[in-house]
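K.L.:
This structure is in structure tokens; I'll ask about it shortly.
Every number here is computed from the coordinates shown, using simple stated rules; none is lab data. Worth saying up front: this structure is predicted, and the values here are computed from it rather than measured. A quick note on method: Cβ atoms are made from the backbone with ideal geometry, for glycine too, and the neighbour counts reach across all protein chains shown.
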Amino acid sequence: MNGAAGRWLRVYGPLLGVIGLVLLLALPTLTYPLGRDQGEFATIGRGILQGKVPYVDLWNPKPPAVFYVYAGAMALFGRSVPALRLIDLLIAPALLWAMWWIGRRGGGARLGLWAALLFGVFTFTETFWTLTQNDGIVLLPMLTGMVAALRAADGGRRSWGWAFMSGALAAIAIWFKYPFALFAGAAVLAYALTSARLRWKDILGFAAGLFGALTFGMGAMMSIGAWDALLESARVTSAYTALGFNLPDFLAAMELASGYRWSQWGLAFLLGAIGAVAGLWPRLTPEPRQRRMTLVWLGWLALGFAMMAVQAKGYDYHWLPMLPPLALLAALGALVLTRRLPNWGQLAASAAIFGLALVAVWRPALPYLSGQEDQIAYFDRFQGGEFNAGESQRAADFLRAHNVPGDSLYVWGFRPEIYYLTDLNPPTPFIFQFPLVADWYPAAWRQENVDVLWAALPPYVAVLQADYMPWVTGSHQDSNTLLQEYEELNDWLIYNYERDVQIGNFLFWRRKAT
């Protein structure tokens, strides 16, 4: 093949190969069940498609972007669990292209391919709990925003437009989670370190994009009547975030979280350390441009760590904004370690990393995919704390057999995935219990919640036990025990319902015949 087509294939063909391999690696994730967080995003996303207003009809402490992403996936692909898990696969090609582009800019084609491969491998070896999360989906505006910032740094007549795009994408990241405002600093750092000179038109363009996208989001929330409730949700949730802002609890959370992260990203951390040294050591990296890009990645990584640390919980998915710069540094480390190898040796090294990931992702799913294991048995292996996905599926099967789609269901606990799995509707805005038990939420919400339930009287109520979550409830008691302290709700339940069945940690109450 000659001419332009041949040149295009030489440049992009290897990247397309990496994208194809990563998508192959990712396929089993379509079978993964929903966790708690995915359940809340799905329930609110479905509510949006039903005409409900987030924060008013369905309360949540997070900004709205992820709910609309989930609603879009349902609108396009149907209201199923695989339709939501497909989000990760759909955004993967754009993420891998951005990683390749940034890596190629920082050290050539091979570095770009290593960056795309390592990012894909470490993304799709994450657990069901961490995938399809707010903190992973937001990497799409973050990575494309970084590309736009670097394009703006190149100058030219269109630099203002690239800067505007970078600012707008940084603002979109904030609509996923408030701490992601720190990403704007990473984009500004990238521009400042790689631009030959700072240009006022670019600075103004970035500011216009940032504040324009923030203003547009505010206007959209105001237009649907959600703005005041969104502000209230952010205000009352600040106390929840502050729970971890004491040194003993923070250090304990970081110790636990860093141990888990090391088990997942240990190789990336080692390669990244090698890449950081190589990128900054003049004897190994004589090209100043590459040293500047290494500084960009290190600054980006530090701000990604700050995004995680400022949330003061250390949850496994809070680390995901660190993955792009870490994968870029790891790619540089892999390139340094393999650059003296012949081409086949470099290919073998990358194939070994990919092969290990392929086995790790596909092997657990093969019994289910081959029909040797049914879905319930497969889901039983997805667990986080007291949460068990097989238990959720059993509870959903029971409810589907005793309700019709569109009925209401009240869940006292933090298991919102049940609403989505059953197509049953929450009768009150509170799809989980913690705004009704923690001291920093308005006490009036407790009575408002019960008032709505007296009018709704759903056929079933699910009460959870063994869900000890002091980091969201402020209490070391489970939901079943906390129910006894919520007298208005407990009285309503005893008067109108009788105990029916128990499925794992779900205690089901059936509405009395009278």
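K.L.:
List the lysines whose alpha-carbon lies under 23 Å from that of residue 52, not counting same-chain residues fewer than 8 positions away?
P.N.:
Cα-Cα hits under 23 Å: 62, 177.
K.L.:
Arrange the following residues from fewest to most other Cβ atoms within 10 Å of their Cβ: 509, 300. Mind dumping the intermediate values first?
P.N.:
Working: 509 21, 300 27.
If I rank by nearby Cβ atoms, fewest first, I get 509, 300.
K.L.:
May I pose another question? In debye to the nearest 20, how big a dipole does the stretch 383-511 give about its Cα centre with +1 on each Lys and Arg Cβ and -1 on each Asp and Glu Cβ?
P.N.:
Working: 7 positive and 17 negative charges, 60 e Å.
My answer is approximately 280 debye.
K.L.:
So, one more: Using alpha carbons only, how many angstrom separate the centre of the stretch 63-111 from the centre of the stretch 470-501?
P.N.:
Between the Cα centre of the stretch 63-111 and that of the stretch 470-501, the gap is 39 Å.
K.L.:
Between residue 372 and residue 23, what is the label-to-label distance in nm when each label sits 7 Å out along the Cα-to-Cβ direction?
P.N.:
Once both label points are built, they end up 2.9 nm from each other.
K.L.:
Oh, and also: Kirkwood hydrodynamic radius for the chain: how many Å is it when counted over pairs of different Cα atoms?
P.N.:
24.5
K.L.:
Please give every one of the aspartates and glutamates within straight-line cross-link reach of residue 201, meaning a C-alpha to C-alpha distance under 20 Å, and leave out same-chain neighbours fewer than 8 residues apart.
P.N.:
Reachable aspartates and glutamates: 154.
K.L.:
Continuing with the same structure: Report P(r) for the stretch 383-511: all Cα-Cα distances, bin width 10 Å, range 0 to the bin holding the largest distance, values in whole percent.
P.N.:
P(r) for the stretch 383-511, in whole percents per bin: 13, 48, 35, 4.
K.L.:
As a test of the formula, what do you get for the chain when each DSSP H run with n ≥ 4 contributes -39,500 (n - 2.57) and the sum is divided by the residue count, at 222 nm and rounded to the nearest 500 deg cm²/dmol?
P.N.:
Only helices count here, giving -21500 deg cm²/dmol.
K.L.:
Still on this structure: Order of 476, 402, 318 from fewest to most other C-beta atoms within 10 Å?
P.N.:
The fewest-first ordering by Cβ neighbours comes to 476, 402, 318.
K.L.:
7 Å from Cα along Cα→Cβ at both residue 456 and residue 343: what's the point-to-point distance in nm?
P.N.:
Each label point is offset 7 Å from its Cα along the Cβ direction, giving 6.3 nm.
K.L.:
Another question about this same structure. Which helices, counted as full DSSP H runs in the chain, have an axial Cα extent of no less than 15 Å and a Kyte-Doolittle average of 1.6 or above?
P.N.:
In the chain, the long hydrophobic H runs are 65-77, 109-124, 183-194, 323-338.
K.L.:
Using Cβ contacts closer than 10 Å as the measure, can you line up 387, 164 from fewest to most?
P.N.:
Values: 387 20, 164 23.
Fewest to most other Cβ atoms nearby, the residues stand as 387, 164.
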